[in-house]
1. What is the order of Leu104, Leu14, fewest Cβ neighbours within 10 Å to most?
2. Could you compute the FRET efficiency for Thr191 and Glu162, with r as their C-beta to C-beta distance and R0 at 22 Å, rounded to 0.05?
3. Is it possible to state the helix-based mean residue ellipticity at 222 nm for the chain, with each DSSP H run of 4+ residues giving -39500 (n - 2.57), the sum divided by total residues, to the nearest 500 deg cm²/dmol? What is it?
4. Only Cα pairs within less than 10 Å get springs; with that Gaussian network setup on the chain, which residue of Asp138, Asp147, Asp157 has the largest fluctuation?
5. Taking 30 Å as R0, compute the FRET efficiency from the Cβ-Cβ separation of Val84 and Glu136 and round it to 0.05.
6. Amide H neighbours of Thr73 under 5 Å, counting only residues 5+ apart in sequence or on other chains, H built in-plane at 1.01 Å?
7. Once you list every other residue whose beta carbon is under 11 Å from the beta carbon of Asn193, what net charge do they have if Lys and Arg are +1 and Asp and Glu are -1?
8. Which FRET efficiency value, to the nearest 0.05, do you get for Val69 and Asp20 by plugging their Cβ-Cβ distance into 1/(1 + (r/R0)^6) with R0 = 22 Å?
Amino acid sequence: MKAIILSAGQGSRLLPLTEDRPKCLLAVGDDTILGLQLKALKAGGVSDVAIVTGFRTAAVEKAAADATVPGFTVRTIFNPFYNVADNLASCWMARDEMHGPFLLLNGDTLFRPSILETLLAAPPAGITLSIDKKSEYDSDDMKVTLDGDNIINVGKDLAPDETHGESIGFSRYSAEGADIFRETLEQIMRTPNGLRWWYLKAIAVLGERGLVRACSIQGQTWGEVDFHVDLEEAKEKFG
């Protein structure tokens, strides 16, 4: 199994901590966000990881080289548009890696290996999106609308009555799903708004076509590091 990690951004909301290092290399206990991700992926049987880099790419390249051991390869793909584009462009830069089954992971999502096990064990589907459910959602949550087990919409601006969960930034693609996702990325990148959109815009487009399934990880431990308070919470959970 291959995994692609989107780690091109600086993480400006975490300044001054990210002034000279990318968000993915911030310390969490004795490790880093990226280091914890790689350990969890390796523990779950992933053998090949491609990291999309951007800000301070040399530091991430070194971390990737240090993490590579026999049976576990970590590579990098440089996204030169990281400072002017959102993460759909990072996915587009990694499109040549999207042949055959793969996992896609946001560079600021931390998770226990049990979440990877749950995602890999989910029923077959072209695209499977891991979601959590809670009593209320804030404006920064990437919300999802469900129709049964199908995800039919994704976005931060969904109304409360349309919100049935949130994406945790971790998804699985079959070989067929990978082909469809790659084609959709290409189509969106050819539009005037291509550089401005999250890759979940592509998921929303495919969800409308009934091609995206939800995988609930409710009750399991994960975290997204966007703000200073998130980093402190991550240290308590994963440090």
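1. Result, fewest neighbours first: Leu14, Leu104.
2. On the way: r = 24 Å, r/R0 = 1.10.
Using R0 = 22 Å, I get an efficiency of 0.35.
3. Values: 7 runs with 73 residues, N = 239.
Mean residue ellipticity at 222 nm (helix-derived): -9000 deg cm²/dmol.
4. Asp138
5. Numbers: r = 34 Å, r/R0 = 1.13.
For R0 = 30 Å, the calculated efficiency reads 0.35.
6. Residues meeting the amide H criterion: Asp48, Val49.
7. Numbers: positive: Arg190, Arg196, Lys201; negative: Asp86.
Charge balance in the 11 Å sphere: +2.
8. The formula returns an efficiency of 0.20 here.
A short reminder: the numbers here are calculations on the coordinates, not readings from a lab. Given the structure is predicted, the values throughout are model-derived calculations rather than measurements. Backbone-built Cβ (ideal geometry, glycine too); neighbour counts: all protein chains shown.
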